[in-house]
Amino acid sequence: MNKIQELMEKRAQVWNGAKAFVESKQDKDGLMSEEDAKTYAEMETKVKNFTMEIERMQSMEQMEREMEKPMSQPLTSQPMKADNKIEAKKTGRASAEYKAGVLEALRSNFRNVSNVLQEGVDTAGGYLVPKEYDSRLIDGLTSENIMRSLGTTITTSGEHKINIAGNKPAASWIEEGGEFSFGDATFDQILLDAHKLHVAIKVTDELLYDNAFNLENYILDQFAKALANAEEDAFLNGDGVGKPLGIFAENGGGQVSITTKTQSAITADEVSDLVYSLKRPYRKNAKFIMNDQTIGLLRKLKDSNGAYMWQPALVAGEPDRLLGYPVYTSEYVPVVAAGAPVIAFGDFSYYNIGDRGVRSFDQLRELFAGNGMVGFLAKERVDGKLVLPEAVQILKMKASASS
């Protein structure tokens, strides 16, 4: 048994013990003494510590896998024997020359720019990333950004229109020989545009010119994280003005189906009502998205049968579950506060992400020169919208004590 699986089983044991402790210490009113409540809080803290350690070890494993990837392609044919299949030479942004040119430009702070890079100059004067880099950036964005992993990503070349059926096919019972009239099918349209997102990173002069420093992987990793964080925030909270339209947007986001009875607490019935406010076909692929702070409140909830609604994952890599549905967390989901939308539940594949073109690199001329730093800029054009609002239901906190 590996260490992560062992920790997950220990976490499950502690959590089950905490649940049993609460059940054994509650009085007839369902309350615990101050001392017992303190003991339970310690158990809950231990569960959270197990979770943080599991996530840390999973992150380390991911880094180890990246570090163990081969730096060059292995031999696949016998030495001194010609391969019958001649591999086509890669050209343009896929060529080795273009990739080497981009790396040299980065290391020289764009003072040494090869002519080969002219194939990839974008409209703003930056340089399009090599195809391999772009793929790795997208992989990075997917792993760092829950909305890219749950939503549907498409590549656009211009304004992309998505047709949404506005009504259902006509059907009616008619008398023998009676007339049947067909309803006119109507369609709404969702337009995916392209909003500009720029992120910058800084590197010291010493690291920039040190050939032993893996500049390529460092820059890709930093750009992927920065882009992913900015995207995830917009995909969840964006208002559609100069940025994508988010899941929690007041207009154009998911449908608010449940409003809590208080400003600071969520009940088991309200979570259950949220689940069943989502139409059954969408529940087949439904998931929760919320903040870690909200999870802290929901861990103590029980259903009508007295069973805890929260179910910690028992298998490494699997998300925890609430009422049987996977739970994903993001620091960008609003925390519990008066009037805040705090839980989204639905089929997030109906959130469409449109990538326009490819990402590009550029330099930040002279901006950090006085600090012995060099700045790099990554640029992309992206949009995101929920094409069917009914596919995602929102739980929102009560706005005020009087409402």
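Quick rundown of the values:
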item: Subset tally (residues that are more than 18 Å from residue 311 (Cβ to Cβ) and assigned to a helix (DSSP H, G or I)) for the stretch 22-39; result: 8
item: Out of 320, 269, 303, sole residue that is farther than 30 Å from residue 191 by Cα and touching a strand residue (DSSP E or B) at 6+ places or on another chain (Cβ under 7 Å); result: 320
item: The one condition in (1) without any contact (Cβ under 8 Å) to a residue 24 or more places away in the chain; (2) closer than 30 Å to residue 41 by Cβ; (3) of a type outside the set (Val, Ile, Thr) that residue 301 fails to fulfil; result: (1)
item: Any hit, the stretch 321-336, residues being touching a Lys or Arg at 6+ places or on another chain (Cβ under 8 Å) and crowded, with 19+ Cβ neighbours inside 10 Å; result: yes
item: Pair list, Cβ < 6 Å and 6+ apart or interchain, from the stretch 222-244 residues that are closer than 17 Å to residue 200 by Cα to residues that are surrounded by 18 or more Cβ atoms within 10 Å (Cβ to Cβ) and charged (D, E, K, R); result: 225/144; 228/144
item: Residue match in the stretch 221-239 (condition: in the same structural domain as residue 147 (by TED's automatic domain parsing), surrounded by 20 or more Cβ atoms within 10 Å (Cβ to Cβ) and not in a helix (DSSP H, G or I)); result: yes
item: Enumeration of residues in the stretch 336-356 that are of a type in the set (A, V, I, L, M, F, W, C) and in contact with a Ser or Thr (Cβ under 7 Å, 6 or more places away or on another chain); result: 336, 338, 342, 343, 353
item: Residues that are of a type in the set (Ser, Thr, Tyr), in contact (Cβ under 8 Å) with a residue 60 or more places away in the chain and in a helix (DSSP H, G or I), drawn from the stretch 259-291; result: 277, 282
item: Residue within the stretch 164-174 that is under 18 Å from residue 354 (Cα atoms) and either at pLDDT below 70 or loosely packed, with under 14 Cβ neighbours inside 10 Å (or both) present; result: yes
item: Residue 218 being free of Cβ contacts under 8 Å to residues at least 24 places away in the same chain and among the hydroxyl-bearing types (Ser, Thr, Tyr); result: yes
item: Options 258, 266; residue that is within 15 Å of residue 391 (Cα to Cα), among the β-branched types (Val, Ile, Thr) and in the same structural domain as residue 356 (by TED's automatic domain parsing); result: 258
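The values are calculated or read from the model by the stated rules, or taken from the named source; none is laboratory data. It should be emphasised that the depicted structure is a prediction, and the values quoted were computed from it without experimental measurement. With ideal geometry, Cβ positions are generated from the backbone for all residues, glycine too; neighbour counts draw on all protein chains shown.
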